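Asker: Got a structure for you, written out below as structure tokens; questions coming shortly.
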Amino acid sequence: MPVYAVTYTYTDDSAGRDKHRPAHKEYLAGLGDRGVNLCSGPFGSQEDPGALLLIRADSKDEAVRFTEDDPFRRHGLVGAVAAREWLPMLGRLAAEI
């Protein structure tokens, strides 16, 4: 099954992210338990606010749909979502996929 690099661009509402972070993490962990979210996390503090999620899905549209119930998205804390198919070739993660 293909893997998609899904990127979030966060809004400026850092207080909202703080408030909803536990539910956001729980939601993404649930996707992980289902084998959908392979790995995810925020960009570093010196980068524009956002995150990267590696999502296993049948299509780009499905990968984005998996994020629609993320509390960060439901509460308007993600200003933009983009997805690109990613082809892991080398390294430990590539060997596990």
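The values are calculated or read from the model by the stated rules, or taken from the named source; none is laboratory data. What you see is a predicted model; the values in this text were computed from it and never measured. Cβ coordinates were reconstructed from backbone atoms using ideal geometry, including for glycine residues, and neighbour counts include every protein chain displayed.
Asker: I need a count of the residues in region 15-24 that are surrounded by fewer than 16 Cβ atoms within 10 Å (Cβ to Cβ) and either within 14 Å of ARG73 (Cβ to Cβ) or modelled with pLDDT under 95 (or both).
Answerer: The total comes to 2.
Asker: Consider region 4-48. How many of its residues are small (Gly, Ala, Ser) and over 19 Å from ARG65 (Cα atoms)?
Answerer: Counting residues in region 4-48 that are small (Gly, Ala, Ser) and over 19 Å from ARG65 (Cα atoms) gives 5.
Asker: Those residues that are among the β-branched types (Val, Ile, Thr) and modelled with pLDDT under 95, I need them from region 25-49; list them, please.
Answerer: Within region 25-49, none qualify.
Asker: Given PRO71, PRO88, which one is surrounded by fewer than 17 Cβ atoms within 10 Å (Cβ to Cβ), touching a helix residue (DSSP H, G or I) at 6+ places or on another chain (Cβ under 6 Å) and touching a residue at least 24 places away in the same chain (Cβ under 8 Å)? Walk me through it before giving the result.
Answerer: Numbers: PRO71 fails: surrounded by fewer than 17 Cβ atoms within 10 Å (Cβ to Cβ).
The match here is PRO88.
Asker: Identify, by number, the condition in (1) surrounded by fewer than 16 Cβ atoms within 10 Å (Cβ to Cβ); (2) under 16 Å from THR67 (Cβ atoms) that MET1 doesn't meet.
Answerer: (2)
Asker: Turning to a different aspect of this structure: Would you mind telling me which numbered condition in (1) of a type in the set (Gly, Ala, Ser); (2) loosely packed, with under 14 Cβ neighbours inside 10 Å; (3) free of Cβ contacts under 8 Å to residues at least 40 places away in the same chain GLY76 fails?
Answerer: Condition not satisfied by GLY76: (3).
Asker: Separate question: Residues that are in contact with a strand residue (DSSP E or B) (Cβ under 8 Å, 6 or more places away or on another chain) and of a type in the set (Gly, Ala, Ser): find the helices (runs of 4 or more DSSP H) completely inside the chain holding 1 or more of those. Working first, answer last.
Answerer: Numbers: elements: 14-33, 60-67, 71-74, 92-96.
Correct list: 14-33, 60-67.
Asker: Related question: Restrict the check to region 50-57 and report whether at least one residue is charged (D, E, K, R), at pLDDT 95 or above and within 12 Å of the chain's Cα centre (by Cα).
Answerer: Checking region 50-57: at least one residue is charged (D, E, K, R), at pLDDT 95 or above and within 12 Å of the chain's Cα centre (by Cα).
Asker: Which members of region 1-25 meet the condition of being closer than 23 Å to LYS60 by Cα and free of Cβ contacts under 8 Å to residues at least 60 places away in the same chain?
Answerer: Hits for region 1-25 are MET1, HIS24, LYS25.
Asker: Taking only region 38-53 into account, find how many residues are touching a residue at least 24 places away in the same chain (Cβ under 8 Å) and surrounded by 10 or more Cβ atoms within 10 Å (Cβ to Cβ). First the steps, then the outcome.
Answerer: As a first pass, look at region 38-53 and keep what is touching a residue at least 24 places away in the same chain (Cβ under 8 Å): 38-39, 48-53.
From what's left, surrounded by 10 or more Cβ atoms within 10 Å (Cβ to Cβ): 38-39, 49-53.
Count: 7.
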